[in-house]
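> My questions will all concern the structure given below.
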Ligand code: MN
């Protein structure tokens, strides 16, 4: 994994995503966490994968693995992913839809390209840290086939999470958050309202934009601190950007491998429990039909 970089100008931060490998060889760009920024509101992890041609291979192959203390948010721009989890969920997600998995005290899941699958794959996966009041709850999985759409000033926005422009997403989250997918037509000039109490992040997924005059392309996360009422988004050609935001989370959030906890002892316990195949994580049948219960990789054994 390459090291992250950060430059600061006028209170915004440019955070360069790190390149990492997901599952069996798919390259992704990880914009959160980085050395310089761990959280935006309760958003604690941001992977941007693709666009990638999967017409000649099996595509995504992420075998069964556990999670605790978080929600995963999957949003596709192109392609399909089949989600399986230890609650028995079996759900294909397509562009325009949202998968929201709430790990709570523990869950396991796998993600794969269905066979057959469309030729391209492109999307984002976020993690949201659960607050203390919700992080020990029962696990859950929700698929939202339709989300609120907002059209104005040459932009088509899908509200993934939270509230914007008088609309409310059906996705259930546990801290004040927003998540928006914004498609900009060529020549768009959008003044996007922001909530003053939120910090925000902007990640371009297609094309290039200017955010308050700051050139922004894929691979860079633009961080905006609290206290802003809006941001101007312009694009000469068609472009797409994901906007996330939330109230700064006043809880210590530690990530280790696929676990979110509050201290090293707790994370070490999750590691031991997964290695011991503890029932808290349930069981999920992987894409190869096997009950894969792979132990943690060697580097992840001890937080
Ligand atoms: Mn996962």
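> Output needed: percent of Cα pairs per 10 Å distance bin for the chain, bins running from 0 to the one holding the longest distance.
6, 28, 38, 22, 6, 0
> Once you have the Cα-Cα distance between residue 27 and residue 247, take 0.36 nm times their residue separation minus that, and quote the gain in nm to one decimal.
76.1 nm
> How far apart, in nm, are the 7 Å Cα→Cβ label points at residue 302 and residue 146?
5.4
> For the residue pair residue 212 and residue 35, what label-to-label distance in nm results when each label sits 7 Å from Cα along the Cα-to-beta-carbon direction?
Each label point is offset 7 Å from its Cα along the Cβ direction, giving 2.6 nm.
> Which one of 52, 178, 124 has the biggest mean-square fluctuation once the chain is modelled by GNM with Cα springs under 10 Å?
52
> In what sequence do 271, 44 fall when counting other Cβ within 10 Å, fewest first?
Listing 271, 44 from fewest to most nearby Cβ atoms yields 271, 44.
> Tell me, in nm to one decimal, what length is gained between residue 279 and residue 115 on full extension, where the rule is 0.36 nm per residue of separation less the Cα-Cα distance?
56.1 nm
> While we're here: Most exposed first by the Cβ proxy, i.e. fewest other Cβ within 10 Å, how do 47, 142 rank?
Exposure proxy ranking, most exposed first: 142, 47.
> Mind jotting down the distance between the C-alpha centroids of segment 192-241 and segment 41-104, whole Å?
Segment 41-104 and segment 192-241 have Cα centres separated by 24 Å.
> Looking at the chain as a GNM with Cα springs under 10 Å, which of 69, 154, 41 has the largest mean-square fluctuation?
Between 69, 154, 41, it is 154 that shows the largest mean-square fluctuation.
> Report relative contact order for segment 59-209 in percent, whole number only (criteria: Cα-Cα under 8 Å, sequence separation at least 6).
After rounding, I find 21 percent.
> Quick one: 270, 287, fewest Cβ neighbours within 10 Å first, how do they rank?
Ascending number of Cβ neighbours within 10 Å: 287, 270.
> Measure nothing fancy, just the Cα-based angle from helix 264-275's long axis to the longest principal axis of the chain, in degrees from 0 to 90, nearest 10.
Approximately 60 degrees, to the nearest ten.
Bear in mind these aren't lab numbers, they're just calculated from the coordinates by the rules spelled out. Small disclaimer: the values here were computed from a predicted structure and weren't measured. Here Cβ is always computed from backbone atoms with ideal geometry, including for glycine, and neighbour counts include all displayed protein chains.
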